[in-house]
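One structure below.
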């Protein structure tokens, strides 16, 4: 594949100037302005700036339903999901309901087994919950498409509260929601909540805020201090970052508040234990730690084992037990990495065969679909993401599930709404998809297969249908990988202080961490650790300073001169800190403003 096209972010001068005038350091003012921050108040991380929960459709009904249930002493069963967002949402709901007065033992939870139950509130999960004798089922991070599960629960005499953030299902061309007692989801029809990108854990947290307000109206806290829910924000931050939702201003406040608690040592024992198991310093907690260290360890439980491990880690108040569970999660995550490495090798071999086909001339098709009988269904989403990142194509990876059905997970690129693409595939191939759902950038589906031979055939039919949609929707520009950069970095900014200043900010989806770009001369290059390219480069002109750089997962040699796209990081060795470049790409051409790309 060719080097990505480097695009220079636009920096609105008025916004940058306004931020500087408000006391924001010049480098940060430039970075924030380039990410759409126009006013200093948008950077206010105070809880008072959070959008009010009343803006969420269905919230008043949800608050009344929960308050009635708590005050009647009835039992609530939380129906969780098997990823980090679902685990943190379950933990927030469980801890929060007890903080708000639930009687001991009156809040329980069930979580689907990925291989056995599938996703969401299914009739099978309702039956799993019934022996716990709940009067109310509360879904977290799922339920918006659980029509049969909600109906089954109500037929069995249960009340149902759905809290979710996924896109509603399309029924006969119209968006629809299940007939639950209450539904809270910023993406449901008719909801005017300004932040459509709350994670499932964010919706659960907002539901607790509304419940507390309802209980306050009923006088439940008279004579005692109102329970504080900000103690849950470390969990909210972890689930929000791990689910890779768009970090709009509201989500950034939630994450910033959670990181602030972690750095101050005020976090759940399980979160502290996960930092320890991952070898990370909670005193310097960052979005990167949540997304690439803690989140994967929680996710690994749902992928290869039982998410109950993750939820128990996050809900126990016993620090010793939390550390024991965190170490178990760390071991499962190491196993996940080994499985992923083997699957990635198989995927690479299949891709090499594909790209060698004469008709393709080395260029991947508009969308990719991979399947091997050896693939593990718990890891297909990760492998799809790796392939998508490498080839910049919408990618689906399938595995044969324990129930004999093909389980597929997809990752997409800008301009290709994956859930909508699946909807079109289902219309064109009515007998192909058994079920599907998801977001614009990530989605999943299930194909029915009665035999290994049929599995191969069904995947081929799906791949051809998906690729047809991609050819219709994506032009050459959309299929060209691009990297948005923040331009050159002044030599004086290469300091530990600046790196720490950048690490203290909240970066993530749609508010990406800074990516700088400078012309460099490569002085030396060598392979380290068998998989990484270590560089010594001269920044700027012939008299520029020498810098250390590393390109992880890249072993091909690079030309002597080019434009390096990189992030800054601190390399600590034997007590010494050195600033180094983490290379993302190298191009012969400099980054250009988006409006000049066609020139």
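The values are calculated or read from the model by the stated rules, or taken from the named source; none is laboratory data. Predicted model only: the values in this text are computed from it and were never measured. Note that each Cβ is placed from the backbone with ideal geometry, even for glycine, and that neighbours are counted across all protein chains shown.
Annotations for the structure displayed:
- The stretch 115-126, subset in contact (Cβ under 8 Å) with a residue 24 or more places away in the chain and either touching a helix residue (DSSP H, G or I) at 6+ places or on another chain (Cβ under 6 Å) or assigned to a helix (DSSP H, G or I) (or both), residue farthest from residue 93 (Cα to Cα): 123
- Scope the stretch 345-384; condition touching a strand residue (DSSP E or B) at 6+ places or on another chain (Cβ under 8 Å), outside any loop (DSSP other than H, G, I, E, B) and touching a residue at least 40 places away in the same chain (Cβ under 8 Å); matching residues: 347, 351, 368, 369, 371, 381, 383
- Restricting the stretch 138-185 to residues that are surrounded by fewer than 24 Cβ atoms within 10 Å (Cβ to Cβ) and assigned to a strand (DSSP E or B), the residue that is modelled with the lowest pLDDT is 170.
- Conditions (1) outside any loop (DSSP other than H, G, I, E, B); (2) in contact with a helix residue (DSSP H, G or I) (Cβ under 6 Å, 6 or more places away or on another chain); (3) modelled with pLDDT under 95; number of the one not met by residue 465: (3)
- Filter result for residue 431 (in a loop (DSSP other than H, G, I, E, B) and under 30 Å from residue 175 (Cα atoms)): yes
- Failed criterion for residue 317 (all others in (1) touching a residue at least 40 places away in the same chain (Cβ under 8 Å); (2) assigned by TED's automatic domain parsing to the domain that holds residue 91; (3) buried (at least 19 other Cβ atoms within 10 Å of the Cβ) hold): (3)
- Where a residue in the stretch 13-26 is in the same structural domain as residue 490 (by TED's automatic domain parsing) and within 12 Å of residue 37 (Cβ to Cβ) and its partner, wherever it lies, is modelled with pLDDT under 95 and surrounded by fewer than 12 Cβ atoms within 10 Å (Cβ to Cβ), with Cβ under 9 Å and at least six apart: none
- Selection count, the stretch 468-484, where residues are assigned to a strand (DSSP E or B) and over 22 Å from residue 534 (Cβ atoms): 2
- Failed item in (1) in contact (Cβ under 8 Å) with a residue 24 or more places away in the chain; (2) out of contact with any strand residue (DSSP E or B) (no Cβ under 9 Å at 6 or more places or on another chain); (3) at negative phi; (4) in the same structural domain as residue 230 (by TED's automatic domain parsing), with residue 57 passing the rest: (2)
- If you filter the stretch 406-453 down to residues that are within 15 Å of the chain's Cα centre (by Cα) and farther than 14 Å from residue 466 by Cβ, you find that the one that is surrounded by the most Cβ atoms within 10 Å (Cβ to Cβ) is 441.
- Among the candidates 50, 99, the residue that is modelled with pLDDT of 95 or more and either under 24 Å from the mean Cα position of the chain (by Cα) or within 30 Å of residue 365 (Cβ to Cβ) (or both) is uniquely 50.
- Residues being touching a residue at least 40 places away in the same chain (Cβ under 8 Å), in a strand (DSSP E or B) and over 20 Å from residue 348 (Cβ atoms) - total across the stretch 401-411: 1
- Counting only strands (runs of 3 or more DSSP E) wholly contained in the stretch 502-582, the ones carrying 2 or more residues that are out of contact with any helix residue (DSSP H, G or I) (no Cβ under 7 Å at 6 or more places or on another chain) and exposed (fewer than 15 other Cβ atoms within 10 Å of the Cβ) occupy 516-528, 546-551, 561-573.
- Residues within the stretch 214-238 that are under 14 Å from residue 71 (Cα atoms) and touching a residue at least 40 places away in the same chain (Cβ under 8 Å), tallied: 4
- Selection from the stretch 210-228 of residues that are buried (at least 20 other Cβ atoms within 10 Å of the Cβ) and in contact with a helix residue (DSSP H, G or I) (Cβ under 6 Å, 6 or more places away or on another chain): 210, 211, 214, 215
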